[in-house]
Structures are given as structure tokens and as C-alpha cells.
């Protein structure tokens, strides 16, 4: 389906975006990447355009002439930062999602993938797509989650009013891998732990008791699911992209530590919150609708991520981090 097609990947320099670009190039697509990152994070085989997706004119520019769009650009951060940096999550997501889909529609893009999030779900143990709207999202996720929910509704609105019935909506779980945000203060659990070990933190202090269960998915697996979703599930039906396998935080920490020749001692700070006990994705729809089955274990994925980071720490640092801007408006400069 991608052979000879002109495909735009917003956020194509990011963790999932890099993998999506690689897969598209393998399938013969003509790829354009739009991002605020440094151009060194993409290879020579793509067209790179640096700019801000919160600008209407820029969104019009990058969607012009495209057959397909993968809208991956977004903001994610560590536990607790969703409320501390509420505007940095909420406003850019609303602007980027709204302007990108409108620009793609006006440009005549035939297929569009919207990247939603596991955060859209209300607190239950197992997340089933059709139950997402049964309650509000978790308070710690609410700003990003409501922005993502609005993006999903926007796709549904375009389908109803304009008959644009080739929009795929995916909800990735906790994604990790090379090109992630390895900032120890703002990164998610796995990349943050990796960075802290590399920086020499020993003992390694981890919040909670390690019993909380999460659904981790390797970036390359998630990217494969996205290509499958645009091909077989572009009908505005949300699709979970997770492993469907529960991994405790203790198991994730063990995987990180065992990937190093000299693992640090781990101390569990049980005075700190551990978060929701279980957050697991139901993968029935992904398996039956688009034939998606993730292939990478947490141990193999973490080991590959650690190896990449040790060899590419300088490249990893060339990443735009919205949390170090004074306000989201600064991103426009």
C-alpha cells in the first residue's frame, strides 16, 4: 500500500516516528518528516522540514501533496508532570491535533493516522477500546488525555460531516525504545531509569514497591502496528497498541539493571506513590482487525534500548524538550 506513496510523518524524529519512517522506506514510500528536533536525528533518505505544528501555515505547507499522514508528534512525560506542566501538555496537543487534521483534510490526504494514548482511559485494570468513555481519565493524565480525546472526536466529526472514512485512531500503551526522552527528570520510567544508571546513580531509588503492573510495548512493534492500522483499520475505530502482557515495575527495573555489566543496587521508596495498581490493554481488536501481534519481550527491548543509548547518547540529547521552555508560546520562535 505504501509503495510510491508520498507520506508525511509528524514527529518522525521521535522514538516511534523513527521506526515508522524506517518501515515506510522499506516499503518504498517517499517520506517527509516534520519536527522541531535536530535534523541529525533523521537519515538522508527522507525530506526533513523543521517547524512548529502549532502554526496553521506550517501545517498547510507540510501536508500539501501528501497521500498519507502519520500524525505522531506529541508530548509525554514522567509521572506527576502531567499536572505540574498542565498547559505544556494541553495547549500544544489541542493545537497540533486540530490544525494537522484540518490541514490534511483540506489538502486532500486520502489516509490519516491519529496517535491517541493509553491516557484516554478511565481507571480500570484492563482497557477495552469501546469502554474508554465510560468515565473521566485518571486525574494525573487529565490534561493530555482530554486533548487526545478531542483528537479522536475530531476524526469522528470529519467522518460524519465530510465522509472522510480513512482515518485510523491508535492508542499506544507505554512505549519505550531508542530515540526516547532519556532526560532523568522528564522521561518516562524506562528511559529515565536507563539515564540514571548511566549517570552513575547507585543505589538506584525507585518509587513504590514495584508491584504496579503496566503494559510496555517496544517502539518498533508499535510502529508496525501503526502501519497495519492505516492499511486495515482506517475507519475511525480506536485500536489499542500494546503488548497485552502485564509487566510489573519491579520486572521493568530488573530488565534495565540486568542490561548493564555492573548493575546498581535498587532501593524501593515505599513512602512514594506507586500509581494505579494495574494498567493493561486488551489486544483483541488489534489482533482480529489488523493482525497485530507484538514480538519483542521487555528484556530484549530494554537491552536493545540500553545498547543504543550507550552508543548514541550525544544524538539522544539532540531532542526538543517542551518542558524546558518557559511556556508553550516559546515553541513558536
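Structure summary
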item	result
Contacts under 6 angstrom Cβ, first residue in the range 220-233 being without any contact (Cβ under 8 Å) to a residue 60 or more places away in the chain, partner in a helix (DSSP H, G or I), 6 or more apart	232/290
Residue 76 modelled with pLDDT under 95 and under 24 Å from residue 168 (Cα atoms)	yes
Residue check, residue 106 modelled with pLDDT of 95 or more and buried (at least 24 other Cβ atoms within 10 Å of the Cβ)	no
Verdict on residue 239 being more than 20 Å from residue 116 (Cα to Cα), touching a helix residue (DSSP H, G or I) at 6+ places or on another chain (Cβ under 7 Å), buried (at least 19 other Cβ atoms within 10 Å of the Cβ) and in contact (Cβ under 8 Å) with a residue 12 or more places away in the chain	no
Odd one out for residue 197, checked against (1) closer than 20 Å to residue 314 by Cβ; (2) in contact with a helix residue (DSSP H, G or I) (Cβ under 7 Å, 6 or more places away or on another chain); (3) in a loop (DSSP other than H, G, I, E, B)	(3)
Residue in the range 297-312 that is in a loop (DSSP other than H, G, I, E, B), modelled with pLDDT of 90 or more and within 30 Å of residue 237 (Cα to Cα) present	yes
Among (1) without any contact (Cβ under 8 Å) to a residue 40 or more places away in the chain; (2) over 15 Å from the mean Cα position of the chain (by Cα) - the single one residue 158 does not satisfy	(1)
Members of the range 296-317 that are surrounded by fewer than 17 Cβ atoms within 10 Å (Cβ to Cβ) and touching a helix residue (DSSP H, G or I) at 6+ places or on another chain (Cβ under 6 Å)	299
Residue 91 within 22 Å of residue 153 (Cβ to Cβ), surrounded by fewer than 19 Cβ atoms within 10 Å (Cβ to Cβ) and within 21 Å of the chain's Cα centre (by Cα)	yes
Helices (runs of 4 or more DSSP H) completely within the range 200-296 that count 3 or more residues being more than 28 Å from residue 9 (Cα to Cα)	249-258
Matching option when the condition is touching a residue at least 40 places away in the same chain (Cβ under 8 Å) and closer than 29 Å to residue 120 by Cα, among 74, 51, 65	74
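So that you can scan it fast, the table gives a plain yes or no per residue for (1) touching a helix residue (DSSP H, G or I) at 6+ places or on another chain (Cβ under 8 Å); (2) more than 23 Å from residue 117 (Cα to Cα):
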{"site": "48", "(1), (2)": "yes, yes"}
{"site": "51", "(1), (2)": "yes, yes"}
{"site": "54", "(1), (2)": "yes, no"}
{"site": "57", "(1), (2)": "no, yes"}
{"site": "68", "(1), (2)": "yes, no"}
{"site": "71", "(1), (2)": "yes, no"}
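The values are calculated or read from the model by the stated rules, or taken from the named source; none is laboratory data. Predicted model only: the values in this text are computed from it and were never measured. Cβ coordinates were reconstructed from backbone atoms using ideal geometry, including for glycine residues, and neighbour counts include every protein chain displayed.
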